[in-house]
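One structure is given below, encoded as structure tokens.
Since every read-out is calculated from the coordinates, none of them should be taken as a lab result. Given the structure is predicted, the values throughout are model-derived calculations rather than measurements. Cβ atoms come from the backbone with ideal geometry, glycine included; neighbour counts cover every protein chain shown.
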Amino acid sequence: MSEKYPENIEIELDRKAIRAYLRTSWILPWFLIIGFFGGMFGAARVTEKIESVDIPDILMIYLKGIGSGIMVSAVISIILYFIFCHFQTNRLAKNLRIRVEGPFLRITHKGFTLVDRKMHFRSIIDYSIVEGVLMRRFHIVALHITAIGARIQVLGIKNCREIRDMLAEIDAIREK
């Protein structure tokens, strides 16, 4: 039986959407964690002013302290994000590749380290599609590949549902 798929297939990725998704998903923890502590320190900073103020003004003083703490922490978060994460997201989005090479599925990505994974279709158990809230915002879908001893996520595959079905067909054909 002849196969309808070529021996080698490069799967197309939406790199712009991957980059936007990674940037947002990596900056949110910086804002949330540092923003929480900024709000707490801002509230703690204004507690000494509370003793000399009337009761109705206490809430406004606390809100101003919390707000100023959150604003300072937002600036710190943005600076830390650009130092540690911004260029990493560009590198990850640029260097992510997924391709079929005969009876193997090869996934390559480079961040701080280069990961070049080559799996035989025999070791792949399941293909599933995951679409989270933030992923829907950026119109991307993740393909989860469950293999023996590993679970791999590949973000931003164009036409992910069709690619999943194609990989399952290739898997069934080339598994032998």
The range 17-36 residues near the modelled residue 78 label - backbone nitrogen below 17 Å, point 7 Å along Cα→Cβ: 23-36
Suppose each label sits 7 Å from its Cα in the direction of the beta carbon; what would the residue 64-residue 95 distance come out to in nanometres? 5.0
Could you pull out every residue, at least 5 positions away or on a different chain, whose amide H is within less than 5 Å of the one on residue 96? Hs are placed 1.01 Å off N in the peptide plane, and Pro or chain starts have none. 110
Roughly what would the spin-label model give for residue 120 and residue 24, points 7 Å off Cα along C-beta, in nm? 4.1
For every helix of n ≥ 4 consecutive DSSP H residues, a contribution of -39,500 (n - 2.57) applies; sum these over the chain, divide by its total residues, and give [θ] at 222 nm rounded to the nearest 500 deg cm²/dmol. -17500 deg cm²/dmol
The chain: translational diffusion in µm²/s, Stokes-Einstein, Kirkwood Rh over Cα pairs, 10 °C, 1.306 mPa s: 82
Under the Karplus relation with 6.51, -1.76 and 1.60 and θ = phi - 60°, whole-Hz ³J(HN,Hα) for the range 95-102, x at Gly and Pro, equal 9, 6, 9, 9, 8, 9, 10, x
Under the 0.36 nm per residue contour assumption, what length would be gained going from the current alpha-carbon distance of residue 87 and residue 165 to full extension? 24.7 nm
Straight-line reach from residue 110: which lysines have Cα under 17 Å away, leaving out those fewer than 8 places along the same chain? 16, 94, 118
